[in-house]
Amino acid sequence: MVCLEFALVTPYFKIAVVAVRLAMMKEKTLSDIHQHWMQLALNEALKAVGNTHPNPAVGAVIVRDGQVLGKGYTQPCGGHHAEVEALKRAGDVQGATLYVTLEPCASQGRTPACTAAIIPSGIVQVVIASSDPNPNMAGGADVLQQAGIDVILGVCKDEADVLNRPFFHYIKTNMPWLIAKAAISLDGKMATRTKHSQWISGAESRQHAHGVRALCDAIVVGVGTLVHDNPSLTVRDARMIGKPPLRVMLGKHAPKPWKDCKLLSDEAPSRFYITHDSEDAQAWRDLGMQVMLVEDYQAAFKHLAADGCLQVLLEGGGKLHAACLEYGISNELLLYQAPVLMGGVEALSFWHGEGVATMQDALHIKNIERVMLGQDMCIRGDIVYPS
C-alpha cells in the first residue's frame, strides 16, 4: 500500500519539481535579458560622463521584441535627459520596454519631468538600475507604477551606482568624490630626500593613471608638487570623455610666480585655491591664472563640486594627501606601488603629516582591487574612517 501511494504521488511531485525548475530557468533567463539590455544602457551613460553637471550621467535603451528602437544619454545641462533622447529617436514605442540606468525624474527642473514623457508614450515596462538619491527628483518609479506601467528596480544596480558615485556623493555631502592617487615605493615613499621622484612607477602605471585622469573633472596638486615638478596635469595616451579636467593647485599661500609654469598653458583650464592672499597671488592673477581665496581646503573642494567637478583626482604631494586624510575628505585610494626602496627620514611619504595616534584610529580600506601593471602593483579601494 505504501508503495502504491508512493507511485501515485511521485509523478505529481516530479511535475511540480519540473514546474518549479522551469519557472526558475525562465526567471533566470528573463534576468539575463534585462541585464543584457541594461548593460547597453550603461554603455550609453558612459558617453555622458563629465558633460552633464548638475545632472547625473544616465543612459536609456528602448526595446521591443528583442529589437532596439532607440537609445540615448543625458545631454549637457538644459538638454534632454536620457529617456527623452531615447524616446525621440525611437518613434513608435507602443508595448516596448524602457531600460534606464537611473530612476526617471518625477519633478520639473530645467526640463520637464521624464515621467511626463514616458507615461503617454506607450511604454509598458520600465527597468531601472539605480534609485534617484536626489529628494527633489526622486519618486519616478512610484509615479510610473501609479500610471499602470510595470516597473522593475535594481537591475545592474552596483554598476550603475559606481558610474554615478560622484553624483550620489555630491547630493549627500555637497563635496566631490576625492581619489587620493600616488606612485610609491615599497616603503611608502613618494620622493627621495632630495625630492626626486621621476619616475617611481613604470610606463604601464603611468598610462593607467592617465586613463584615470581622463575620467576626472579636476586634478589637484599642492604647492610643493607645483614648484618642484612643474607638472602639466593634462591627459595623455588616453581617450578623454568630455572636456579636459580642470588643473588645480591647492595651498595656504601662492608660490613665487614663474612664466614657464605649465599650468599657464592653454591645454586645459587652471585654477589656484589659497587660504591667504598675497602679492604673489596677485602676480599669478596678472599672468592670467584664476586665483580663488577660500577659508580652508574643504571650502575649496565644495567650490569645485558646485562648479561641476564631482570626481577629483588628488595627485599630491604628501602634505596635501595628509591634510585631506586628516580632514576626513579623501574617499578613494589609488596607489601604484613600485618594487623599489628609498628609505630616508626626510624622504616624502604618502601620508606626510601627523598621522594617527593608535591603531584604533587607523584608516581602513574596503572593496580592495589589486592588479599588476608591469612590475608595479596597482592597489585601489574605498577609504573607511573610524567612527
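The values are calculated or read from the model by the stated rules, or taken from the named source; none is laboratory data. Everything numeric in this text was worked out from a predicted model, so none of it was measured. Neighbour counts are summed over all protein chains in view; Cβ atoms, including those assigned to glycine, are modelled from backbone coordinates with ideal geometry. Surface accessibility is based on the protein's heavy atoms, side chains included, excluding ligands, DNA and RNA. Shrake-Rupley method; radii C 1.70, N 1.55, O 1.52, S 1.80 Å.
Quick notes
- Hey, residue 47 open to solvent by 10 Å² or more (accessible area, probe 1.4 Å), among the charged types (D, E, K, R), out of contact with any His (no Cβ under 8 Å at 6 or more places or on another chain) and in contact (Cβ under 8 Å) with a residue 40 or more places away in the chain or not: yes
- Restricting attention to region 357-387, the residues being basic (Lys, Arg) and either within 17 Å of residue 186 (Cβ to Cβ) or surrounded by 14 or more Cβ atoms within 10 Å (Cβ to Cβ) (or both) number 2.
- Going through (1) in contact with a Lys or Arg (Cβ under 9 Å, 6 or more places away or on another chain); (2) at pLDDT 95 or above one by one, residue 180 falls short only on (1).
- Positions within region 323-337 being part of a loop (DSSP other than H, G, I, E, B) and within 18 Å of residue 213 (Cα to Cα), in sequence order: 330, 331
- Residue pairs meeting the criteria (Cβ under 7 Å; at least 6 apart or on separate chains; first under 20 Å from residue 336 (Cα atoms) and basic (Lys, Arg), in region 211-233; second crowded, with 19+ Cβ neighbours inside 10 Å and modelled with pLDDT of 90 or more): 213/219; 213/235; 213/245; 213/313
- Listed by position, the strands (runs of 3 or more DSSP E) enclosed by region 214-322 that each have at least 3 residues that are open to solvent by less than 20 Å² (accessible area, probe 1.4 Å) are 218-222, 246-251, 270-274, 311-314.
- Residue 344 passes every criterion in (1) without any contact (Cβ under 8 Å) to a residue 24 or more places away in the chain; (2) in contact with a strand residue (DSSP E or B) (Cβ under 9 Å, 6 or more places away or on another chain); (3) closer than 30 Å to residue 263 by Cβ apart from (1).
- Close pairs (7 angstrom Cβ cut-off, 6 or more residues apart or separate chains): assigned to a loop (DSSP other than H, G, I, E, B) in region 354-369, open to solvent by less than 60 Å² (accessible area, probe 1.4 Å) anywhere: 356/362; 363/325; 363/383; 363/384
- One residue alone among 91, 59 is modelled with pLDDT of 85 or more and open to solvent by less than 20 Å² (accessible area, probe 1.4 Å), and that residue is 59.
- Considering region 46-156, the qualifying helices (runs of 4 or more DSSP H), each wholly inside and each with 2 or more residues that are of a type in the set (S, T, N, Q), run over 140-146.
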